[in-house]
DNA sequence: CAATCGTGGCT
DNA sequence: TAGCCAAGATT
């Protein structure tokens, strides 16, 4: 057996990750440098920010502030201006503060290990590990949202993405994986897999370098990991709509200006557990047979609406519409009308 | 643990 | 379409 790389599951995962990174890793500007300062800047830019957003701003920022000293001798205002469009301006101010600390206490040099990096403003657990591993080859796991998702799936780990227990377990697993000759590449490989293959929605499992060992994939439910915040049970809102047709025209009613769907038009309606009964009372006649039933999701309610045939005269606030789908309808009313007519134009 | 901080893209 | 969320850190 090979002494350098024993034949464990960890070694297989490492090989798969490094191979993926070599062959399919993204070509990003900060991967073309070994300058710790540039790598630090890129990591801060990437905090809660999409790669596509950071890429076009990276070179410009470095051109303007090419080194720790250049950054430290700038004005804070200038740094924030160069940060424009990236958001979270506290990151720019912390970057600046950290650069000044490096000049004052470290002769303008970047701290060379994770622990020292971690003490600087704006450098948390993730960024410290990322810079230490990528720029200095330190064997430490950089656990970001991607890594949590990827390893939660590979090992079918329970818990929400923000749960400290899950993050701790992921970090322990990731730590085993980075314990090799190219820790920075393993960290970035995990992030690349997360960003391009093991996506939050619609993961591309057949193309995944870790697919052979992935428990979530074997279970057939990769998107179940990491767990999501339990959606609070949404109460059911029952609505009864009246379908009053006269020739080609349909009777619609405008909703009040406050509350749900303010000012929009819909079929004459009633709501509540006995919505149909209530609708009959409003119409002055019992509602007829059900023509359709549609479901609709709101943020805090699950709506079930039934459409009943009815005949009635126009009342205040109501209007006959020859082309009801042209009315400013609530999305639910539109859905209900389409369900009855089978017409999905417009 | 939860709120806050920004912007842009996606559904 | 309006809400959700992304290479997190800080309080």
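Coordinate-derived values only; no laboratory data. Note that the coordinates shown come from a computational prediction; the quantities given were computed from them, not determined experimentally. Methodologically, a virtual Cβ is constructed for each residue, glycine included, from the backbone with ideal geometry; neighbour enumeration extends over all protein chains shown.
Were the residues from residue A:53 through residue A:249 laid out at 0.36 nm apart, the gain over their Cα-Cα distance would be 65.5 nm. The stretch A:263-323 has equivalent-ellipsoid semi-axes of 20, 16, 12 Å, by the square roots of 5 times the alpha carbon gyration tensor eigenvalues, sorted largest first. With springs only between Cα atoms under 10 Å apart, run a GNM on chain A and tell me which of A:239, A:134, A:123 wobbles the most. Maximum among the listed residues: A:239.
Between residue A:295 and residue A:323, full extension at 0.36 nm per residue minus the direct alpha carbon distance yields a gain of 7.8 nm. Peptides A:143-156, A:175-188, A:87-100, A:206-219 ordered by packing proxy, namely the average of other Cβ atoms within 10 Å per residue, highest first: A:143-156, A:175-188, A:87-100, A:206-219. Taking a ≥ b ≥ c as the square roots of the eigenvalues of the Cα gyration tensor, the stretch A:236-341 is rounded, since a/c falls below 1.5.
Springs join every pair of Cα atoms under 10 Å in this Gaussian network model of chain A, and among A:140, A:49, A:312 the largest mean-square fluctuation is at A:312. Size of the stretch A:105-261 from its Cα atoms: along the principal axes, largest to smallest, the extents are 83, 44, 29 Å.
The angle between the Cα long axis of helix A:183-192 and the longest principal axis of the Cα atoms of chain A comes to about 20 degrees, rounded to the nearest 10. Residues considered: A:14, A:24, A:245. Largest GNM mean-square fluctuation over chain A, using C-alpha springs under 10 Å, is found at A:245.
Taking every C-alpha pair closer than 8 Å and separated by at least 6 residues, the mean separation divided by the residue count of chain A gives a relative contact order of 13 percent.
A protection proxy built from the mean count of other Cβ atoms within 10 Å ranks the segments A:110-121, A:70-81, most packed first, as A:110-121, A:70-81. Relative to the dominant Cα principal axis of chain A, helix A:36-45 is inclined by about 10°. Could you list log10 I(q)/I(0) for the stretch A:2-224 at q = 0.18 Å⁻¹, which the Debye formula gives when each Cα is one point scatterer? With one equal scatterer per Cα and no solvent, log10 I(q)/I(0) is -1.30. Between the helical axis of A:89-106 and the longest alpha-carbon principal axis of chain A there is an angle of about 10 degrees.
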